Amino acid sequence: HELRERANVTRYMRWLEERRGLRFAGYEDLWRWSTEQVEAFWTSIWEFFDVRASAPYGEVLSSHTMPGAHWFPGATLNFAEHVFRNATPERPALLFQSERRPLRAISWSELHGDVAAAASALRALGVRAGDRVVGYLPNTPHAVIAFLACAAIGATWSACSPDFGTPSVIDRFKQLEPTLLFAVDGYAYNGQSFDRMAALHDLQRQLPSLRHTVLIPYLNEARSAAQLRDAVSWDEFLARGRAGDAALRFEQVPFEHPLWVVYSSGTTGLPKAIVHGHGGILLELLKFCGLHADLGRGERFFWFTTTGWIMWNILIGALVNGTSIVLYDGNPAYPDHGTLWRLTQEAGITHFGTSPAYIGACMKAGIEPGHAFDLRALRSMSTTGSPLTAEQFAWIYQNVKRDLYLASIAGGTEVAAPFVGGTPLLPVRAGEIQCRMLGVRAQALDEEGNAVIDRVGELAITAPMPSMPLYFWNDPEGTRYRESYFTVYPGIWRHGDWISISAAGALVIYGRSDATINRRGVRLGTIEIYRAVEALDEVLESLVVDLEFLGRESFMPLFVRLRDGATLDDELKARIRAQIRERVSPRFLPDEIRQIPEVPKNLTGKRLEVPVKRLLLGMPVERALSVDAVANPASLSWFLAYAAERAGSPR
């Protein structure tokens, strides 16, 4: 009762009653209104959070058609300006810790000064609104400062974590033709050092549009920027900005002006470069962080993430609510599984975000954070990346804290937001997601596109959201965008998750329904793994599937067809793993590598990833695929035998 009464969403409902004469019996009624009256709902978010625009909007929504809806046309504003509107100068804006650096706080006034200096330095280097600036950075204050400076001047930001292999980073950044690169010389993880200077030379060589590089000597503080072409050190960069026009000015840009580009790989082609706008992201983060996560001034919000996961963007977005954010760079289990819980105690974290995989690791390690650490400040936890099981719910309440608002959330990089998640207004039930998010008309659809209740269906969004992609970079006709989300159910966003929705509105997500690889919340297209593996002479073809499903530990096997005479021995397996580690990321190493006689394909030669995944999850052949559509039906025999082998294993 106390949580509900003091929650921001309760204050919002009272505001709706006072200002609009709207009264709702409970959350489900509020959600229904927010998805049936979408223009009225998003206008209320604009007004409740007092969004400031230097030019007014003419209408709320140009069309309800997806794709093609345009929000608040005519309005001009700036995302970064709203970050500093709610600042409390003497309070911390950021708290940061890494494996090598102790916890330190950066005040709002210090952040303001650094962002002002960085923005001034960018302008002095000729970076203008619409230019692309990229970051090859871990989760540090440098990344936050660089992003906010770009947003302030209207430049478009994009980032990759330095644990990504150089080819994967180039595949992403090269599409954008960036003007400037922020980069670290290396990073530490699990007590080891990883020098990335060779990777930086590759990035400079293969990104011909780069005019400037800002080097952050993060691994070796004595490292000189002179080792790189057209480079300046971070300290010198800020010093130049302070010596120039150091006032923090915010470029006023259209509502749909590109704020950042994030990536979500498909099964073919380059990673999808997804463009989000200043206004849509601002509204979505005000809604999610303010009304669902219940954040505000005085709160301290932490999410364990890298800069390459959309949760980094959402974490940074909490600043628009005046919330202090907590950053951590390193292995969460180094030197032990108490690291993040120790950080929670020392940083006074009030909202702790992580993945079910991390909770599972803590369970296996046998730790009891609530007994070992002082977690009095902690009042809520959230998880995403995969389904949170009933056993994990129970472990959190038994071993972390009994008086806790726990929210399992799920959404997508594509919208920089959850589709489904938590609300302080409803009970928390083990194994369930509480609700569909406000303004998100989420449904479970059957194969014919009919909404189903209490049955597993495809997660679909049937009304536009302001944070949906503006477009994909280098997709001028929108062809790839439409093919990614709107071909299965025309005019409806199909996300690629299996989900069930109860009559009461509670949800369960079962896992991915498509071929995308999901490792602890970071998604990758299979094509990136194929390109790395098939670069080896011995490997003719490969197939990879992620057997994520509710209640089962994620398991990702890789299948390879080899040249005649080649053998899948330990040495070749090691080289396959090395290829993935170096060219893609250590995050996507397979759990098992097996040799196969053939890769199943359809009549047009496409690898049958989803049907193979369904077979290995135990689906009968007649439901998993149409054998008549398989070009080489005999290839299925091996996978049926493997499925039987897995069914009999203890996994």
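The values are calculated or read from the model by the stated rules, or taken from the named source; none is laboratory data. Just so it is clear, the structure is predicted and the values come from calculations on it, not from any experiment. Quick reminder, even Gly has a Cβ in these numbers, built from the backbone with ideal geometry, and neighbours come from all protein chains shown. For accessibility, only protein heavy atoms count, side chains too; no ligands or nucleic acids. Shrake-Rupley method; radii C 1.70, N 1.55, O 1.52, S 1.80 Å.
Assorted remarks:
- Cα-Cα separations in the range 511-651 greater than 19 Å, expressed as whole percent: 50
- Vicinal HN-Hα couplings computed from phi for the range 480-496 (Karplus, 6.51 cos²θ - 1.76 cosθ + 1.60; Hz; Gly/Pro x): 5, 4, 4, 5, 6, 10, 10, 8, 5, 10, x, x, 10, 6, 9, 8, x
- Take every DSSP beta bridge whose two residues both sit in the range 497-651; close to 80 percent of them are antiparallel.
- DSSP beta bridges in the range 199-353 [antiparallel fraction, %, rounded to 5]: 40
- Coil-residue GluC sites (Glu not before Pro) of the range 44-131, DSSP, other Cβ within 10 Å capped at 16: GLU59, GLU90
- Phi to ³J(HN,Hα) by Karplus 6.51 cos²θ - 1.76 cosθ + 1.60 over the range 632-646, Hz, x for Gly, Pro: 10, x, 4, 5, 6, 4, 4, 6, 5, 5, 5, 4, 5, 4, 5
- FRET efficiency, 1/(1 + (r/R0)^6) with R0 51 Å, evaluated for ARG91 and ALA504 via beta carbons: 0.80
- Charge tally in the Cβ shell below 10 Å around ILE501, where Lys, Arg are +1 and Asp, Glu are -1, ILE501 excluded: +1
- For the chain, the mean residue ellipticity at 222 nm estimated from helices alone is -9000 deg cm²/dmol, where every DSSP H run of n ≥ 4 contributes -39500 (n - 2.57) and the total is divided by all residues, rounded to the nearest 500.
- On the principal axes of its alpha-carbon atoms, the range 418-570 has extents of 62, 42, 29 Å, going from largest to smallest.
- Between ALA365 and ASP195, the distance separating the two model label sites (each 7 Å from Cα on the Cα→Cβ line) works out to 3.0 nm.
- Gain on full stretching of the segment that runs from ARG20 to ASN450 - 0.36 nm per residue minus C-alpha separation: 151.4 nm
- Sequence-separation-based contact order of the chain, relative, with Cα cut under 8 Å and 6+ spacing, percent: 12
- Selection among ASN86, TRP31, THR76 by position relative to the dipole of the range 1-110 gives ASN86 as farthest towards the positive end (Cβ unit charges, Cα centre).
- For the chain, lysine pairs separated by 8 or more sequence positions, or belonging to different chains, with Cα-Cα distances below 21 Å total 4.
- Extension gain for GLU236 to ALA574 (0.36 nm times residue separation, less C-alpha to C-alpha distance): 117.4 nm.
- Amide H contacts of SER382: PHE352, GLY353, THR354, ALA407, each under 5 Å away and 5 or more positions distant or on a separate chain (H built 1.01 Å from N in the peptide plane; Pro and chain starts excluded).
- Taking Cβ atoms as reference points and 9 Å as the exclusive limit, the residues near PRO424 contribute a net charge of +1, counting Lys and Arg as +1 and Asp and Glu as -1.
- Among beta bridges identified by DSSP and lying wholly in the range 318-440, the antiparallel ones come to about 40 percent.
- Less than 5 angstrom separates the built amide H of GLY496 from those of LEU459, all sequence-distant by 5 or more or on a different chain.
- Within the shell of other residues whose beta carbon sits under 13 angstrom from the beta carbon of GLU81, the net charge comes to +1, with Lys and Arg scored +1 and Asp and Glu -1.
- Normalised alpha carbon radius of gyration of the chain [divisor 2.2 N^0.38 Å]: 0.94
- Cα centroid separation, the range 180-229 to the range 393-423: 36 Å.
- Under 5 Å from the amide H of GLY135 lie the amide H atoms of SER158, ALA159, CYS160, PHE182, each residue being 5 or more positions distant or on a separate chain, with H modelled from the backbone and absent for Pro and chain starts.
- Using a probe of 1.4 angstrom and keeping all protein chains present, the accessible surface of the chain works out to 37 square angstrom per residue.
- Solvent-accessible area of the chain (1.4 angstrom probe, protein heavy atoms only): carbon and sulfur portion equals 48 percent.
- Remark: the range 75-88, residue by residue, has Karplus-estimated 3J(HN,Hα) of 6, 10, 7, 8, 4, 5, 4, 6, 4, 8, 5, 9, 6, 10 Hz, where x stands for each Gly or Pro and the curve is 6.51 cos²θ - 1.76 cosθ + 1.60 at θ = phi - 60°.
- Efficiency of FRET from Cβ geometry, ASN220 and GLU622, R₀ 56 Å, rounded to 0.05: 0.40
- Full extension of the segment from ARG104 to GLU346, taken as 0.36 nm per residue of separation minus the current Cα-Cα distance, would add 86.1 nm.
- Computed FRET value (nearest 0.05) for ALA631 with ASP245, which takes r as the C-beta separation and R₀ as 51 Å: 0.20
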